[in-house]
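Structure, as structure tokens:
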Amino acid sequence: MDPRLEANRSNWNERVGIHTRSRFYDVDGWLRNAPGPDPRESEALGNLDGKTLVHLQCHFGMDTLRWARAGAVVTGLDFSPAAVDEAVNLSRRAGLAEHSTFVCANVYDAPRALSGKRFDVVYVSLGALCWLPNIDAWGAVVSELLKPGGRLYLHDVHPFSSCLDDDGERIVYGYFEEFDNPYVDDTGDTYTDGEKLSTTRIFVWNHSIGEIVAALIEHGLVVDSLTEHDWTVFQQFPWLVESSTGQFVAPDDHPRIPLSFTLLARSPS
Ligand SMILES: C[S@@+](CC[C@H](N)C(=O)[O-])C[C@H]1O[C@@H](n2cnc3c(N)ncnc32)[C@H](O)[C@@H]1O
């Protein structure tokens with residue numbers, strides 16, 4: 001594997017324990033409340049009862065297992081063995097082990113790791129694409145994983161907001177960046193509460209909205225909708241305020257900028 005991805009994987013392995021203990025993910029609350037998919041996502045994808053769904057970069061499976069609760073037959077894939085172990089553990093604790101499978105693999109190896117299986121839905125949730133150096137190769141993977149007529153649901157951090165530093169004050173990374181020019185971070189921070197990481201170095205890449213759309217079209221997918229949002233679901237910058245619906249938005253006196261986006265695409269039938 002690319003040594004930069006090896007470094008990222010070590011970092012993610014260490015994050016898993018911090019995240020599962022965090023108030024941010026609140027695993028015990030999640031088990032108690034047993035949430036299904038986010039209503040926005042259910043509305044976009046409709047009833048997935050009995051449908052197959054693969055969640056790329058599933059972390060420790062919370063977003064994946066929400067879909068199992070809605071009747072989907074889910075597969076989560078992540079390159080962190082610690083994440084996959086925790087996902088399996090969580091599926092057992094949630095009573096969803098029979099409806100879920102978790103596979104440890106690099107996204108770029110997903111078609112092989114999943115034995116060529118094709119799915120009704122490829123699902124990708126927040127914080128995924130920045131970890132991938134090559135967005136065109138990701139488009140090829142998504143295309144290869146979808147059945148004819150199958151759909152991609154992608155909700156991720158908006159690449160414009162990824163140009164800004166952690167304070168959301170200064171542009172520190174390009175919107176148009178080259179494959180061999182990742183943003184290198186050594187802070188040892190993660191986005192949840194909890195201790196600092198000792199495996200600090202990470203490499204991330206920004207992919208413009210145009211590049212993401214092109215990567216999908218290039219590999220035969222049809223983009224059905226693309227929506228840029230002025231909200232996100234975590235405290236990405238200190239100046240964001242939480243709305244009554246739990247979304248994080250710019251305060252009234254701040255210019256509105258795109259913070260996340262949702263893209264729906266499908267494989268032609
Ligand atoms: C921010 S987390 C995703 C969080 C997710 N939306 C959730 O359900 O909480 C990003 C995940 O991508 C995984 N990842 C990063 N690079 C990857 C790669 N090349 N292949 C597979 N997984 C990868 C990490 O291990 C991590 O679990």
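The values are calculated or read from the model by the stated rules, or taken from the named source; none is laboratory data. All values reported here derive from a predicted model rather than from experimental measurement. Please note: Cβ atoms are built from the backbone with ideal geometry, for glycine as well, and neighbour counts cover all protein chains shown.
Could you check region 65-111 and list, in sequence order, the residues that are acidic (Asp, Glu) and either in contact with a helix residue (DSSP H, G or I) (Cβ under 6 Å, 6 or more places away or on another chain) or closer than 14 Å to LEU53 by Cα (or both)? Please lay out each step first, then the result.
First pass over region 65-111, keeping only residues acidic (Asp, Glu): 78, 85-86, 98, 109.
Within region 65-111, ASP78, GLU86 meet the criteria.
Checking SER91 against (1) at pLDDT below 95; (2) in contact with a Ser or Thr (Cβ under 7 Å, 6 or more places away or on another chain), only one condition comes out false. Which one?
With respect to (1) at pLDDT below 95; (2) in contact with a Ser or Thr (Cβ under 7 Å, 6 or more places away or on another chain), SER91 is out only on (1).
List the residue pairs whose Cβ atoms are under 7 Å apart, where the first residue sits in region 252-269 and is without any contact (Cβ under 8 Å) to a residue 60 or more places away in the chain, the second is among the hydrophobic types (A, V, I, L, M, F, W, C) and assigned to a loop (DSSP other than H, G, I, E, B), and the two are 6 or more positions apart or on different chains.
Qualifying pairs under 7 Å: HIS254/TRP239; ARG256/ALA250.
Out of the residues in region 23-59 meeting the condition of being in a helix (DSSP H, G or I) and aliphatic (A, V, I, L, M), tell me which one is nearest to the ligand (Cβ to nearest atom).
Narrowing region 23-59 to residues in a helix (DSSP H, G or I): 27-33, 39-45.
Then drop every residue that is not aliphatic (A, V, I, L, M), which leaves 27, 31, 44-45.
Details: VAL27: 11, LEU31: 15, ALA44: 16, LEU45: 16 Å.
It comes out as VAL27.
Of these, ASP78, ASP63, which one is among the acidic types (Asp, Glu), more than 15 Å from TRP30 (Cα to Cα), within 12 Å of the ligand (Cβ to nearest atom) and under 18 Å from the mean Cα position of the chain (by Cα)?
Details: ASP63 fails: more than 15 Å from TRP30 (Cα to Cα).
Only one candidate qualifies: ASP78.
Here are the criteria: (1) touching a residue at least 40 places away in the same chain (Cβ under 8 Å); (2) closer than 25 Å to ARG201 by Cβ; (3) among the charged types (D, E, K, R); (4) crowded, with 19+ Cβ neighbours inside 10 Å. Tell me which single one ASP167 does not satisfy.
Tallying (1) touching a residue at least 40 places away in the same chain (Cβ under 8 Å); (2) closer than 25 Å to ARG201 by Cβ; (3) among the charged types (D, E, K, R); (4) crowded, with 19+ Cβ neighbours inside 10 Å, ASP167 fails exactly one: (4).
Kindly list, by first and then second residue, each pair from a residue in region 187-207 that is more than 20 Å from PRO3 (Cβ to Cβ) to a residue that is modelled with pLDDT under 90 and loosely packed, with under 15 Cβ neighbours inside 10 Å, limited to pairs with Cβ atoms under 7 Å and residues at least 6 apart or on different chains.
Taking only residues 6 or more apart or on different chains, the pairs are LYS196/ASP189.
Somewhere in region 220-232, is a residue of a type outside the set (Asp, Glu), within 26 Å of ALA137 (Cβ to Cβ), assigned to a loop (DSSP other than H, G, I, E, B) and in contact (Cβ under 8 Å) with a residue 40 or more places away in the chain?
Looking through region 220-232, at least one residue is of a type outside the set (Asp, Glu), within 26 Å of ALA137 (Cβ to Cβ), assigned to a loop (DSSP other than H, G, I, E, B) and in contact (Cβ under 8 Å) with a residue 40 or more places away in the chain.
Hey, which of the strands (runs of 3 or more DSSP E) in region 99-185, taking only ones fully inside, have at least 2 residues that are more than 10 Å from the ligand (Cβ to nearest atom) and among the basic types (Lys, Arg)? Reasoning before the result, please.
On the way: elements: 100-104, 119-124, 146-157, 183-185.
The qualifying strands (runs of 3 or more DSSP E) are 146-157.
Answer with yes or no whether VAL122 is closer than 26 Å to VAL204 by Cα and buried (at least 21 other Cβ atoms within 10 Å of the Cβ).
Numbers: closer than 26 Å to VAL204 by Cα: yes; buried (at least 21 other Cβ atoms within 10 Å of the Cβ): yes.
Yes: the conditions hold for VAL122.
Being in a loop (DSSP other than H, G, I, E, B) and surrounded by 15 or more Cβ atoms within 10 Å (Cβ to Cβ) is the filter here, so list the residues in region 192-219 that pass it. Give the steps one after another, and end with the answer.
First, pick out the residues of region 192-219 that are in a loop (DSSP other than H, G, I, E, B): 192-201, 205-208, 219.
Scanning region 192-219 gives THR192, GLY194, LEU197, THR199, THR200, ARG201, TRP205, ASN206, HIS207, SER208, HIS219.
From the list ALA68, ALA87, ALA72, which one is away from the ligand (no atom under 12 Å from the Cβ), surrounded by 20 or more Cβ atoms within 10 Å (Cβ to Cβ), among the aliphatic types (A, V, I, L, M) and over 25 Å from PHE261 (Cβ atoms)? Show your work before the answer.
Values: ALA87 fails: away from the ligand (no atom under 12 Å from the Cβ); ALA72 fails: over 25 Å from PHE261 (Cβ atoms).
After applying the criteria, what remains is ALA68.
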